Every structure is written in structure tokens, then in C-alpha cells.
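> Below you will find the structure I want to go over with you.
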């Protein structure tokens with residue numbers, strides 16, 4: 001089966017610019033996650049969707065980050081404006097459902113803010 | 001919220017030795033504990049998982065144990081091989097919030 005697709009793979013922007021990441025989950029997966037992975041750390045959950053509804057966004061810096069999954073399939077994550085500390089790999093993952101189910105990760109988007 | 005602590009941060013072993021990575025969690029409602037392997041520059045991939053109604057699970061050279069009372073779980077790799085070298089992450093998902101929380105990772109180095 002096809003895996004989780006993300007684009008772009010790499011992005012370099014200047015601070016205060018905007019950036020958007022795209023994710024296409026595995027077909028049929030109702031749950032979609034966006035994680036931020038800073039170098040040397042574990043993935044940190046930013047937002048979790050169940051179909052097109054938000055399950056949790058408590059760790060999403062809402063003053064600059066936004067995410068949507070309008071039709072319950074693809075999702076976009078936006079940062080506006082970016083800060084230096086946003087430099088990280090942004091991982092999208094999907095699973096059949098929430099809770100006790102395996103999450104499949106995409107390759108990630110490596111963001112560098114200069 | 002859930003807090004997951006993982007130790008050690010780095011583990012160096014000789015090929016053929018065993019490796020053990022330990023994690024503790026804080027939320028007693030957590031009921032799903034996956035382990036992911038992440039090779040350099042690649043995506044995390046699930047290698048084994050355990051649910052709260054089971055105390056131990058094995059898959060060839062890999063095993064995971066869970067102690068719900070003490071709120072800790074461990075990954076055991078036997079007969080390590082150089083291709084086992086990677087960063088390993090534990091995670092815990094709360095049955096109440098369904099939010100997965102990851103540990104900080106363990107860099108395993110297996111020397112030939």
C-alpha cells in the first residue's frame with residue numbers, strides 16, 4: 001500500500017516568512033497527526049485530527065501555527081510568521097483510528113529558518 | 001498531561017550483545033505503548049507495540065515488557081547486529097485523551 005506522502009521534503013525560509021506543508025495520509029486512515037521533531041528529540045505532537053475534526057491541538061502554538069483537514073483526507077500545516085526556533089522536521093502520520101492503533105509516518109519536511 | 005522519560009540517551013554495545021532501553025510514564029490511563037526505530041534521515045517506523053492488558057510481547061530478537069503498577073516499559077534487543085544501529089523512541093498513548101507522547105529517544109550503536 002502507498003505510504004504517507006509529504007511535501008516538500010526540504011524548505012529554507014527567512015524568519016518572519018510564511019511556509020506551508022502538505023500531507024496525504026494512507027487511504028482509509030481516519031486519524032492524522034502533525035508532529036514537530038527538533039534535532040535530538042522525540043516527535044512532539046502539534047495537532048491530531050479524526051476525519052476533519054480536531055481531537056487535540058493543545059501543543060500547537062496557535063498564534064503562528066494553523067492546520068486544517070477540510071475534507072477529512074489531505075492536511076496542510078502553516079507557520080506564519082516563522083521564527084528561528086521553528087527549525088525542525090515536521091512529520092505527518094496517520095492511523096486507522098485513535099488510541100491503540102499503529103501510526104505510520106511520512107518522510108517529513110525539514111524546515112530551516114534563517 | 002502524559003510525561004514519558006526514556007533512558008539511556010545513548011547506548012553502545014558490541015555485536016551479539018543484548019540492549020535494553022527503559023521508559024517510564026506518568027498517566028495511569030495510558031494503555032498503548034509502541035516502540036519506533038528511526039534510522040538517520042528516515043521516518044520513524046514501528047517495530048513492536050504492547051497494550052496494557054499484556055505484560056510481555058516478543059517478535060524474534062525484539063521483546064517489550066510492561067509493568068503497569070510501576071508505570072514502566074522496556075525494549076529488549078538480543079543478539080544485536082550493526083543494522084540495529086538507530087534511534088529508538090518509546091511512546092505512550094493515554095486511553096483518556098488518545099494523545100501519543102514520545103520519549104526523547106535512545107541512540108543505539110552496535111559495533112561490529
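No value in this document is a laboratory result; all are computed from the given coordinates. Keep in mind the model is a prediction, meaning the values are calculated, not measured. A quick note on method: Cβ atoms are made from the backbone with ideal geometry, for glycine too, and the neighbour counts reach across all protein chains shown.
> Which FRET efficiency value, to the nearest 0.05, do you get for residue A:76 and residue B:29 by plugging their Cβ-Cβ distance into 1/(1 + (r/R0)^6) with R0 = 25 Å?
0.20
> How long, wide and thick is the protein assembly as shown, going by the Cα atoms along their three principal axes, in whole angstroms, largest first?
Largest to smallest, the principal-axis extents are 48, 37, 34 Å.
> Still on this model: When A:114, B:20 are ordered from fewest to most other Cβ atoms inside 10 Å of their Cβ, what list results?
The most exposed by this proxy come first: A:114, B:20.
> Continuing with this model, one more query. Quick one: order A:98, A:79, B:109 by neighbouring beta-carbon count within 10 Å, fewest to most.
Taking fewest neighbouring Cβ atoms as first place, the list is B:109, A:98, A:79.
> If you don't mind, there's one more thing I want to ask. Once you wrap a convex hull around the alpha carbon atoms of chain A, what is its projected area averaged over all directions, in nm²?
Spelled out: convex hull of the Cα atoms, projected over all directions, averaged, 6.6 nm².
> Let me ask another. Each label point is 7 Å from the Cα along the Cα-to-Cβ direction; what then is the distance between the points at residue B:5 and residue A:62, in nm?
Calculated label separation equals 3.2 nm.
> Next question, about the same structure. Report, as an integer, the average count of C-beta atoms from other chains found within 10 Å of each Cβ along B:44-52.
That average works out to 3.
> For residue B:51 and residue B:69, compute 0.36 nm times the residue count separating them, minus their Cα-Cα distance, and round to one decimal in nm.
Separation in residues times 0.36 nm, less the Cα-Cα distance, equals 5.1 nm.
> Could I ask something else about it? Largest first and in whole Å, what are the equivalent-ellipsoid semi-axes of chain B based on the Cα gyration tensor, each being the root of 5 times an eigenvalue?
So the three semi-axes of chain B are 24, 14, 12 Å.
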